[in-house]
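In what follows, a single structure is set out as structure tokens and then discussed.
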Amino acid sequence: MFLIKYILVILYLMSVYHLSKSERSFNNWLFDYIEPKKSFSSLKNCGIQWLLLSFEDAGDKESLRTCLRSFEDEISNNPRLKKISARVRKKL
């Protein structure tokens with residue numbers, strides 16, 4: 001069930017990104033889009049997960065550190081994000 005929700009949220013975010021006609025990368029746009037959203041929302045949690053996995057895959061350590069610092073509260077209160085961040089921190 002989580003996978004379906006995750007896919008739907010990411011598709012929604014990508015649609016909003018394309019409609020915004022932003023010239024920035026999706027990850028940069030997503031970071032700024034979800035940062036002011038209310039804490040602990042599905043939209044924000046899925047966005048954080050996307051960013052962590054994307055930055056990990058790209059080997060972008062600076063962006064990973066920024067993401068971990070900026071979303072520390074959300075990560076600490078979500079078991080899935082805790083697991084991902086623990087794995088990512090080992091690589092830093």
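The values are calculated or read from the model by the stated rules, or taken from the named source; none is laboratory data. Keep in mind that what you see is a predicted model, and the values were worked out from it rather than measured. Because the Cβ atoms are built from the backbone with ideal geometry, glycine has one as well, and the counts that use them run over all protein chains shown.
Close Cβ contacts (under 7 Å, 6 or more residues apart or on different chains) running from residues in the range 56-81 that are surrounded by 14 or more Cβ atoms within 10 Å (Cβ to Cβ) to residues that are acidic (Asp, Glu) comprise Leu64/Glu56; Ser70/Glu35; Leu81/Glu74. Of the residues examined, Leu3 is one that is surrounded by fewer than 18 Cβ atoms within 10 Å (Cβ to Cβ) and modelled with pLDDT under 95. Of the residues in the range 16-35, none is within 19 Å of Leu3 (Cα to Cα) and out of contact with any helix residue (DSSP H, G or I) (no Cβ under 6 Å at 6 or more places or on another chain). Once the range 17-49 is narrowed to residues that are surrounded by fewer than 19 Cβ atoms within 10 Å (Cβ to Cβ) and hydrophobic (A, V, I, L, M, F, W, C), the residue that is nearest to Leu81 (Cα to Cα) is Phe40.
A Cβ distance below 7 Å, combined with a sequence gap of six or more or placement on separate chains, defines the contacts here; from the range 33-51, residues that are at negative phi reach residues that are exposed (fewer than 12 other Cβ atoms within 10 Å of the Cβ) in the pairs Ser39/Asp73.
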